[in-house]
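Student: Would you mind keeping the following structure in view while I ask a few things?
The values are calculated or read from the model by the stated rules, or taken from the named source; none is laboratory data. What you are looking at is a predicted structure, and each value in this text was computed from that prediction instead of being measured. Virtual Cβ from ideal backbone geometry, glycine too; neighbours counted across all protein chains shown. Each accessible area value is taken on the protein alone, full model and side chains, heavy atoms only, with ligands, DNA and RNA left out. Shrake-Rupley method; radii C 1.70, N 1.55, O 1.52, S 1.80 Å.
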Amino acid sequence: MPDPHDHGDDHDHDHDHDHEHTPRSFQPDLEDQPQSDYQFLEVAVRELLIEKGVITPEGVRKAIEAMDARGPHQGAAIVARAWVDPAYKRRLLADGSAAARELGIEVGPMHLLVVENTPATHNMIVCTLCSCYPRMILGIPPLWYKSREYRSRAVREPRAVLDEFGTVLPEGVEVKVHDSTADMRYLVLPMRPAGSEGLSEAELAALVTRDSMIGVALPEAPRQAAAE
Amino acid sequence: MARFRPGERVAVLSADPPGHIRTPWYCRGKFGVVERLCGSFRNPESLAYGGDGEPKQPLYRVRFGQRALWPDYQGATIDTVEIEIYEHWLVPAREGADA
């Protein structure tokens, strides 16, 4: 059946308009979604703990602020240090958690495993079971990382996923997917971009994107120096 | 004591027990090679139900060729997937379900 709005005729549908129009529509507020049992449980437990003096409202706020302050800039600092300091890179690949702590980045009980991209191997991270992600290093995961589509296709057809992200790998490179199913958390150490030889550690860190540390993209190319 | 060594060929059990399982479906019954031992960790199949997760289980990263997981895999034959798998889900390759 053809689309009734694709007939090329003038619109003369007999719309009924005998109802009141809502004057404006609004984006629903967060609180307009149904609250789950766990949300009520969280409020109840939090208020009880505050009442009993176990925690304080300020402590809760600070903890949330600290969690939200984590982000890809931390992973980028780790990567940039590894690019400029071969000894640090060796320590990073041997024990990611300890090497992160060296830079003042606390990873908690998490075991950070750093996988290195080379001319022969490209690494890519997924958690097919849920959404395990190195939050202590990269912050809150992107929404697509948690999507069923990414979680299923990253292990099934990783090259098609890379294509869709605009990531083109040279011929002959092995695509190695890491399924983060248990107690390890992963950080991809991308290859240092060509043409970045003269850059400082801070300038290098600016090239390291979140997606390049998940392994669905490559770091930014350095901007061409102005022609002399 | 860890039962398997890096480089050893192993098979994943082709089992379907009820409950919280962290061995993905797509590698059950498949053959791979131990990439490394990650250490020993409390068993999530017990932790998920309020258990203490003891005894701890050795956890391995096992490397699978994509073609071993998906016979119709479209990418390069050298492509691989590495998956964290607890020891009680692994057997020596010669005892594998499909061997």
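Student: Let me spell it out: the conditions are (1) charged (D, E, K, R); (2) in contact with a Gly (Cβ under 8 Å, 6 or more places away or on another chain); (3) surrounded by fewer than 18 Cβ atoms within 10 Å (Cβ to Cβ), and A:Arg70 meets all of them except one. Which number is the exception?
Tutor: All conditions are met except number (3).
Student: What residue, among those in region B:76-99 that are in a loop (DSSP other than H, G, I, E, B) and surrounded by fewer than 18 Cβ atoms within 10 Å (Cβ to Cβ), is farthest from the other protein chains (Cβ to nearest Cβ)?
Tutor: The qualifying residue farthest from the other protein chains (Cβ to nearest Cβ) is B:Ala99.
Student: Condition first: more than 10 Å from chain B (Cβ to nearest Cβ) and in a loop (DSSP other than H, G, I, E, B). Now tell me which residues in region A:128-138 satisfy that.
Tutor: If the condition is that a residue be more than 10 Å from chain B (Cβ to nearest Cβ) and in a loop (DSSP other than H, G, I, E, B), then A:Ser131, A:Tyr133, A:Pro134 are the ones that fit.
Student: While we're here: Can you tell me which residue within region B:1-39, out of those that are in contact (Cβ under 8 Å) with a residue 60 or more places away in the chain and among the aromatic types (Phe, Trp, Tyr), is least open to solvent (accessible area, probe 1.4 Å)?
Tutor: Applying the filter and picking the extreme gives B:Phe4.
Student: Six or more apart or on different chains, Cβ under 8 Å: which pairs go from a residue in region A:55-70 that's touching a residue at least 24 places away in the same chain (Cβ under 8 Å) to one that's among the small types (Gly, Ala, Ser)? Could you list them?
Tutor: Filtered contacts from region A:55-70: A:Asp68/A:Gly139; A:Arg70/A:Gly139.
Student: Which of the residues spanning region A:143-155 are under 8 Å from the mean Cα position of the chain (by Cα) and open to solvent by 10 Å² or more (accessible area, probe 1.4 Å)?
Tutor: Correct list: A:Leu143 only.
Student: With more than 13 Å from chain B (Cβ to nearest Cβ), free of Cβ contacts under 8 Å to residues at least 24 places away in the same chain and more than 30 Å from B:Ser40 (Cβ to Cβ) as the only criterion, which of A:Glu157, A:Glu203 stands out?
Tutor: Testing whether each residue is more than 13 Å from chain B (Cβ to nearest Cβ), free of Cβ contacts under 8 Å to residues at least 24 places away in the same chain and more than 30 Å from B:Ser40 (Cβ to Cβ) leaves just A:Glu203.
Student: Answer yes or no: is there a residue in region B:40-55 that is touching a Ser or Thr at 6+ places or on another chain (Cβ under 9 Å), free of Cβ contacts under 8 Å to residues at least 60 places away in the same chain and either surrounded by 18 or more Cβ atoms within 10 Å (Cβ to Cβ) or not in a loop (DSSP other than H, G, I, E, B) (or both).
Tutor: No, region B:40-55 has no match at all.
Student: Moving on to the next point. Of the residues in region A:193-227, how many are among the charged types (D, E, K, R) and under 20 Å from the mean Cα position of the chain (by Cα)?
Tutor: Matching residues across region A:193-227 total 3.
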